[in-house]
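One structure is given here, and the rest of the page talks about it.
A short reminder: the numbers here are calculations on the coordinates, not readings from a lab. Just so we're clear, the structure is a prediction, and the values are computed from it rather than from any experiment. Because the Cβ atoms are built from the backbone with ideal geometry, glycine has one as well, and the counts that use them run over all protein chains shown.
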Amino acid sequence: MALLKIGVIPGDGVGPEVTEVGLKVLEKVAAGAGIKYETTPFDLGGERFLKTGEVLPAADQDRLRGCDVILLGAVGHPGVPPGVLEKGILLKLRFDFHQYVNLRPIRLFPGAPCPVAGKGPDQIDMVVVRENNEDLYVGAGGFTYKGTPEEVAIQTSMNTRAGVERCIRYAFESARKRGGGGAFAGLSQADRAKGFARQVTLVAKTNVLTFAHDLWRRAFDEVAAEYPDVKPSYMHVDACCMRMVTNPEWFDVIVTTNMFGDIITDLGAVLQGGMGLAASGNLNPDKTAPSMFEPVHGSAPDIAGKGIANPLAAVLSVAMMLDHIGAQAAGDRVRNAVARILAAGAPRTPDLGGEAGTGEVGRAVLEAL
Ligand code: NAD
Ligand code: IPM
Ligand code: MN
């Protein structure tokens, strides 16, 4: 295997704390799998911005573009106005590198705490394909009469047929690969008969967003017709929030817009045990630029610097990176190591009800490996 170039953006708050653990896990698993790699650290985030005024200098972005993949901790700093770092670093990289799929698995590992009574690993195993380059996130809009009583603010959701279709297609391909949905075992006979497994659910709001989501619905129906072996279904986003809690086993693959995908995956994180366990990949499926892997959570300023952040979301994001580079067996080894720790019940960081620190959980992952 050629030398893999990994750009690392530890970022802000707990970002560096959890990234450090992710890199140690990578080091261990790569050695066993014969994966040769080099890492290039990038000093991007709130501290640099406050010192130099720089957010994402072109030279840094060029060097990131030269990497095969990127690992990111989190960005967002209490001393920096909201949006400067989030839009200037995270969204800019997602957009400029055409990472048009944000893949967010929602899988409850045995032993991980799930707050929904009566639901367990057999019921919670889905994946969200979040559109990652369009919608309200494009920054189209502006103010008129800013700061006056007549002020108007407009922020437009952009949805292109091509951008929507490629995500929907990715979702159907994913459903085919998953081959029936991990939660199939947890379905009742009645639900199986309804065909809930091996399906793609479009989550949108066609009853209100009658332009944007009409486009989504038409694209969805047309792509669905090409996949007769996958059941297409539709749910409004509000009902989806309810069903993710009451009937998570109904979901296999969800495809949705950027904004809705952001919101429902924090709900999904809780289903799988909390923000400390939710991993994601910002994928450029065409491989024309690097894909980027990161926990779903942010910089968690409320616990930053205390050494108690749960590193497992970052570790599971490393596993997704390994899948992406074609090293699924190595990715599985990492997931199995995480599964063993969760099944054992300890060590756990406080978010999972334990008293362990970030480093202790990290060491346990290395031992389990
Ligand atoms: P957050 O995800 O940082 O935190 C939400 C809650 O979850 C907090 O109580 C936090 O302590 C907890 N939490 C998060 N990660 C955890 C972990 N690894 N272990 C244990 N507990 C964890 O969301 P927020 O508070 O809304 O945002 C904080 C900052 O992060 C903001 O500046 C926001 O813009 C930014 N943010 C960045 C990203 C990213 O870089 N991908 C994602 C979300 C938010
Ligand atoms: C996420 C985050 C980002 C998003 C923010 C920080 C821009 O919440 O990755 O889920 O909204 O996509
Ligand atoms: Mn989010």
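Looking at the chain only, what percent of DSSP beta bridges run antiparallel? Nearest 5 please.
Antiparallel bridges: around 45 percent, rounded to the nearest 5.
Which one, P232, M320, F95, is farthest towards the positive end of the dipole of the chain when Lys and Arg carry +1 and Asp and Glu -1 on their Cβ?
P232
Taking the Cα centroid of segment 82-126 and of segment 12-62, what is the distance between the two, rounded to the nearest whole Å?
19
Quickly work out the K306-to-A368 label distance, labels modelled 7 Å from Cα along the C-beta direction, and quote it in nm with one decimal.
For the pair A368/K306, the computed spacing is 2.3 nm.
Run the simple label-point estimate for L50 and R243 please: 7 Å along Cα→C-beta, distance reported in nm.
Rounded to a tenth, the inter-label distance reads 4.5 nm.
If you build a Gaussian network model of the chain, linking Cα atoms that sit under 10 Å apart, which residue out of R161, R176, R198 swings the most?
The residue that fluctuates most here is R161.
Express the relative contact order of segment 306-369 as a whole percentage, based on alpha carbon pairs under 8 Å and six or more residues apart in sequence.
Working: 73 pairs, mean separation 24.7, N = 64.
The normalised contact order for segment 306-369 reaches 39 percent.
Just A204, A59, A289 to compare: in a GNM of the chain, with alpha carbon springs under 10 Å, which one fluctuates most?
Among A204, A59, A289, the largest mean-square fluctuation in the Gaussian network model of the chain belongs to A59.
Expressed in nm to one decimal, what extension gain is obtained for the pair K36 and A58 from 0.36 nm per residue of sequence separation less their Cα-Cα distance? Don't skip to the end; give the middle numbers.
Details: separation 22, 0.36 × 22 = 7.92 nm, distance 2.77 nm.
5.2 nm is the gain from fully extending K36 to A58.
Remind me, relative contact order of segment 218-299 in percent, using alpha carbon pairs under 8 angstrom and six or more residues apart?
Numbers: 48 pairs, mean separation 14.5, N = 82.
Relative contact order, segment 218-299: 18 percent.
What's the longest piece of the chain with no exposed chymotrypsin sites (Phe, Trp or Tyr not before Pro), counting a site as exposed if DSSP puts it in a loop and it has at most 16 other beta carbons within 10 Å? Write down the numbers at each step before the final one.
Numbers: sites that count: Y145, F211.
It runs 212-369.
Normalise the Cα radius of gyration of segment 125-178 by 2.2 N^0.38 Å (N = residues in it) and let me know the number. Before the final figure, lay out each step's value.
Details: Rg = 17.1 Å, N = 54, 2.2 N^0.38 = 10.0 Å.
The reported ratio for this selection is 1.70.
How high is the relative contact order of the chain, in percent, counting Cα pairs under 8 Å that sit 6 or more residues apart? Please report the intermediate quantities before stating the final value.
Values: 794 pairs, mean separation 85.5, N = 369.
Relative contact order here is 23 percent.
Quick check for me: using +1 on Lys/Arg Cβ and -1 on Asp/Glu Cβ, what's the dipole size of segment 36-97 about its Cα centre, in debye to the nearest 20? Kindly include the intermediate steps, with their values, before the conclusion.
Values: 8 positive and 9 negative charges, 20 e Å.
The calculation lands at about 100 debye.
How big is the Kirkwood radius of segment 259-369, worked out from every pair of different alpha carbons and given in Å to one decimal?
Numbers: mean 1/r = 0.0685 Å⁻¹.
Result for segment 259-369 stands at 14.6 Å.
With just the Cα atoms of segment 1-152, tell me how far they stretch along each of the three principal axes, in Å, largest first.
That works out to 60, 47, 28 Å along the principal axes.
Hey, how many Å between the Cα centroid of segment 350-369 and the Cα centroid of segment 245-260?
Cα centres, segment 350-369 to segment 245-260: 29 Å.
Take the Cα radius of gyration of the chain and divide it by 2.2 N^0.38 Å, with N its residue count; two decimals is plenty. Please list the in-between numbers first.
Details: Rg = 20.3 Å, N = 369, 2.2 N^0.38 = 20.8 Å.
Expressed relative to 2.2 N^0.38 Å, the Cα Rg reads 0.98.
Connecting C-alpha atoms closer than 10 Å in a GNM of the chain, tell me which of T40, T144, T256 has the biggest fluctuation.
Most flexible of the set in this elastic network: T144.
Just to confirm the filter: which trypsin sites (Lys or Arg not before Pro) across segment 287-369 are DSSP coil and have at most 12 other Cβ within 10 angstrom of their Cβ? Can you show the working numbers first?
On the way: sites: K287, K306, R333, R335, R340, R348, R363; in loops: K287, K306, R348.
Qualifying residues, ordered by number: K287.
Compute the length gained on full extension between I154 and A117: take 0.36 nm times their separation in residues and subtract their Cα-Cα distance, giving the result in nm to one decimal.
On the way: separation 37, 0.36 × 37 = 13.32 nm, distance 4.13 nm.
Difference between extended and current length: 9.2 nm.
What is the sum of charges, Lys and Arg at +1 and Asp and Glu at -1, for the other residues whose Cβ falls under 15 Å from the Cβ of F49?
Numbers: positive: R48, K51, K87, K92; negative: D12, D43, E47, E54, D60, E86.
Charge balance near F49 sits at -2.
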